[in-house]
Amino acid sequence: MSAKHIPNPVPIEAADSRDYDVQTHAAGPQGALPLDDDFLRHAPSGDIFGLTMDAAMGWPPAQLRRPEYLILGITGGMRAEDGAPIALGLHTGHWETDRLMRAAAETFTQLDAVPFAGYVTDPCDGRTQGTPGMMDSLPYRNDAAIVLRRLIRSLPTRRGVLGVAACDKGLPALMMALAAQRDLPCVLVPGGVTLPPTVGEDAGKVQTLGARFAQGEIALEEAAILGCRACASPGGGCQFLGTAATGQVVSEALGMALVHAALAPSGQPLWLDLARRSAEALMKLAEAGVTMHDIVTPDALHNAMVVYAAFGGSTNLLLHLPAVAHAAGLTRPTVADWDRANRATPRLVDVLPNGPVGHPTVRVYLAGGVPEVMLHLRDLGLLHLDALTVQGRPLGESLDGWERSERRKSLREQLFAEDGIDPNTVIFSPQEAKARGITSTLTFPTGNLAPEGSVVKSTAIDPRVVDADGVYRKVGPARVFTTERAAIAAIKGQTAHPVRPGDIIVLIGRGPLGCGMEETYQVTAALKHISWGKEVALLTDARFSGVSTGACVGHVGPEALAGGPIGRVQEGDLIEIVIDRVNLHGSVNLVGHDGRRYSPEEGARVLDSRPPHPDLAPDPGLPDDTRLWAALQQVSGGTWGGCVYDVEAITKILTANHANLR
């Protein structure tokens, strides 16, 4: 086969002949390293040579051997000094985080410490929706956590670690990496949120432009304008309580971030102030000998689960918080643990996408954010107030300080002055939430289609399809799809047999073993924003975006390719979904086919007798990297175990199999 020919190849010659004047030696940094007899005799050679490289990079030699702190940032793109893009990042969430890192580094220097910085980037679920890139999204979290932990260990002289991250995969990865540092002090700086447009659509709704245009519900010109302005400021996570914002909330609730750290508007002075104070807090933790072993505790994990429920957060945290717990050496929360926390905790926050109004996250921040919600939870007796936080004192003391702070008073007043919004209508008291009919966040349906469980954000089901007793009931024909692409085409009406009101979409083979557990926001968003979408339900072994709403039941276990009964559903089967939003019970069952109705028990027998769906198979484009991740997480507890790598479980299975092969 002949080699491909490229016309006009790049020349061998340099553009300017003066570039051939190559320097072969240099004088080196002036001064001398601050060595002493004991250090030179006993320090590892790496510690000594590290000082040589520090001087080479320009740090004044006389200022070396001061306390060293490592800043790890999830960042992307390249910006000029004025913020203009030189090369784009993959998303807004990591576009400005280098500014937080710089502010922290300057603070360390001012406090006579030596800052080091390392970087990892991360993908964007919004950018990869409906593309093969989604197959790498969730697995990337584990990869990034491994790299971050290796970077921490690669600076043996660090006294503490400050992490900066904002978005869906980089933030959970950083939380996992920091939680694993049981003998080190660490502080996490949430990367903040982007602003909504003054006039326009939020970054969640705007992702349905294609589906609405295909249904004739929006004009081309309007779609172009709305799409252009939806992310109204250049940095930060999306304006809704998706996985990015929920991760920020949970990091603060765990005690890993300072009080009122989550959801700060990116690029603004108060956001930069957070980085400076976080650097100072880290040094104080190091001086006091406080490590992550003291911060990420069972009490902290409990607080995080309760705050998560009160906010109504993304269901992706059901994957991420168990992974953080596992990294910290704690027992991973089970479905029963999540259910208990959810039942005990009222939802108190009116934020996109849950409603009832759906405020952007910046308003939640101004209304008081995490500590304001915690004041209500404290009064309900739901928090462990003795849990230590990186603020350097127990949670209860920090909340007392927040309650009487000028910061709280000023920002809540500003919300009313700027937007005309009463902060008490963004973060409700429990009494007001109950009076408004706001239900708890999640329900965990089981049944013959989900014997290991599933999850639905029941609080976000459209109230127009919920019965007067607070129960969502639906019986409808199954529309079975084995790819998201086929499902969205049917929703758009681009197939011979389109999805119709009353249908129940059953999307199978989209769990970890099938495609890396893709986030099916294309489907859930279309159902939310197409006029008749509320009349359609979704049942899947995939996961959902944090901005997903509606009667969408995900994380169905076992997944289809692990032998789950959802993989044996046939086109036209009669499916029954019942979700009690008041008592938080739910069921998903096969109850008939071919004109016959039967009980859930008989439905289970029918499913057991069937072969898997004929088209059920791993995605043909599934990367080997993701196949390996899927296999390792499957033997480590699977989806409900947080999709982690349990080294002991993996090693045990590999050792046993190796012995059997001899």
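The values are calculated or read from the model by the stated rules, or taken from the named source; none is laboratory data. Just so we're clear, the structure is a prediction, and the values are computed from it rather than from any experiment. All Cβ positions, even for glycine, are placed from backbone atoms using ideal geometry, and neighbour counts span all protein chains on display. The protein model used for the area step is the full one, side chains on, heavy atoms only, and it has no ligands, DNA or RNA in it. Shrake-Rupley method; radii C 1.70, N 1.55, O 1.52, S 1.80 Å.
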Subset of the range 512-542 that is in contact with a Pro (Cβ under 9 Å, 6 or more places away or on another chain), in a loop (DSSP other than H, G, I, E, B) and at pLDDT 95 or above - its residue that is surrounded by the fewest Cβ atoms within 10 Å (Cβ to Cβ): Val536
Residues that are of a type in the set (S, T, N, Q) and within 47 Å of the chain's Cα centre (by Cα), drawn from the range 1-56: Asn8, Gln30, Ser45, Thr52
Subset of the range 40-59 (residues that are assigned to a helix (DSSP H, G or I) and open to solvent by less than 100 Å² (accessible area, probe 1.4 Å)): Leu40, Ser45, Gly46, Asp47, Ile48, Gly50, Leu51, Thr52, Met53, Asp54, Ala55, Ala56
Subset tally (residues that are within 15 Å of Gly170 (Cα to Cα) and surrounded by 22 or more Cβ atoms within 10 Å (Cβ to Cβ)) for the range 102-119: 0
Some residue of the range 373-380 being touching a Leu at 6+ places or on another chain (Cβ under 6 Å) and in a loop (DSSP other than H, G, I, E, B): no
Some residue of the range 11-23 being in contact (Cβ under 8 Å) with a residue 12 or more places away in the chain and either of a type outside the set (Gly, Ala, Ser) or touching a helix residue (DSSP H, G or I) at 6+ places or on another chain (Cβ under 9 Å) (or both): no
Residues that are within 13 Å of His326 (Cβ to Cβ), of a type in the set (Asp, Glu) and outside any helix (DSSP H, G or I), drawn from the range 619-662: Asp646
Total residues in the range 636-662, condition in contact (Cβ under 8 Å) with a residue 12 or more places away in the chain, open to solvent by 50 Å² or more (accessible area, probe 1.4 Å) and either among the polar types (S, T, N, Q) or more than 21 Å from Ala173 (Cβ to Cβ) (or both): 1
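Please list, ordered by residue number, the strands (runs of 3 or more DSSP E) wholly in the range 70-178 having 2 or more residues that are farther than 21 Å from Met283 by Cβ.
85-87, 114-120
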Test: residue in the range 335-356 that is surrounded by fewer than 17 Cβ atoms within 10 Å (Cβ to Cβ) and over 19 Å from Val456 (Cα atoms): no
Cβ pairs under 6 Å, 6+ apart, first in the range 211-231 and more than 20 Å from Thr495 (Cα to Cα) and open to solvent by less than 90 Å² (accessible area, probe 1.4 Å), second of a type in the set (A, V, I, L, M, F, W, C) and not in a helix (DSSP H, G or I): Ala230/Ala203; Cys231/Ala203
Within the range 81-90, considering residues that are at pLDDT 95 or above and open to solvent by 20 Å² or more (accessible area, probe 1.4 Å), the one nearest to the chain's Cα centre (by Cα): Leu90
Qualifying residue in the range 475-496 (condition: without any contact (Cβ under 8 Å) to a residue 12 or more places away in the chain and part of a loop (DSSP other than H, G, I, E, B)): yes
In the range 285-296, the residues that are surrounded by fewer than 17 Cβ atoms within 10 Å (Cβ to Cβ), more than 24 Å from the chain's Cα centre (by Cα) and of a type outside the set (Asp, Glu): Ala288, Gly289
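Being part of a helix (DSSP H, G or I) and not polar (S, T, N, Q) is the filter here; which residues of the range 425-473 pass it?
Pro430, Glu432, Ala433, Lys434, Ala435, Ala460, Pro463, Arg464, Val465, listed by residue number.
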Counted residues, the range 466-478 - those being open to solvent by 40 Å² or more (accessible area, probe 1.4 Å) and within 24 Å of His529 (Cα to Cα): 5
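Residue by residue through the range 395-423, note down the ones that are open to solvent by 40 Å² or more (accessible area, probe 1.4 Å), under 25 Å from Asp294 (Cα atoms) and free of Cβ contacts under 8 Å to residues at least 24 places away in the same chain.
Glu397, Asp400
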Flag if Ala203 is out of contact with any strand residue (DSSP E or B) (no Cβ under 8 Å at 6 or more places or on another chain), in contact (Cβ under 8 Å) with a residue 40 or more places away in the chain, open to solvent by less than 10 Å² (accessible area, probe 1.4 Å) and part of a helix (DSSP H, G or I): no
Test: residue in the range 618-628 that is open to solvent by 50 Å² or more (accessible area, probe 1.4 Å), hydrophobic (A, V, I, L, M, F, W, C) and touching a residue at least 12 places away in the same chain (Cβ under 8 Å): no
Unmet requirement for Ala288, which otherwise passes all of (1) in contact with a His (Cβ under 6 Å, 6 or more places away or on another chain); (2) farther than 29 Å from Glu519 by Cβ: (1)
Gly567, sole failed condition from (1) over 28 Å from the mean Cα position of the chain (by Cα); (2) buried (at least 19 other Cβ atoms within 10 Å of the Cβ): (1)
Filtered residue count, the range 583-609, keeping only those that are exposed (fewer than 15 other Cβ atoms within 10 Å of the Cβ) and part of a loop (DSSP other than H, G, I, E, B): 4
Single residue of the range 120-134 satisfying the filter (in contact (Cβ under 8 Å) with a residue 60 or more places away in the chain and surrounded by 24 or more Cβ atoms within 10 Å (Cβ to Cβ)) that is nearest to Val324 (Cα to Cα): Asp125
The range 351-372 residues that are more than 15 Å from Ala310 (Cβ to Cβ) and among the charged types (D, E, K, R), paired with ones that are assigned to a helix (DSSP H, G or I) and open to solvent by 20 Å² or more (accessible area, probe 1.4 Å) (beta carbon under 9 Å, 6 or more apart): Arg363/Asp419
Tabulated pairs, the range 586-612, first in contact (Cβ under 8 Å) with a residue 60 or more places away in the chain and closer than 12 Å to Asn448 by Cβ, second of a type in the set (S, T, N, Q) and part of a strand (DSSP E or B), C-beta under 8 angstrom, 6+ apart or interchain: Ser587/Thr446; Val588/Thr446; Val588/Ser454; Pro600/Ser587; Pro600/Asn589; Gly603/Asn589
Residue match in the range 448-465 (condition: β-branched (Val, Ile, Thr), more than 30 Å from Glu372 (Cβ to Cβ), within 27 Å of the chain's Cα centre (by Cα) and open to solvent by 10 Å² or more (accessible area, probe 1.4 Å)): no
Leading residue by the ranking (least open to solvent (accessible area, probe 1.4 Å)) among those in the range 18-39 that are closer than 26 Å to Phe108 by Cβ and in a helix (DSSP H, G or I): Phe39
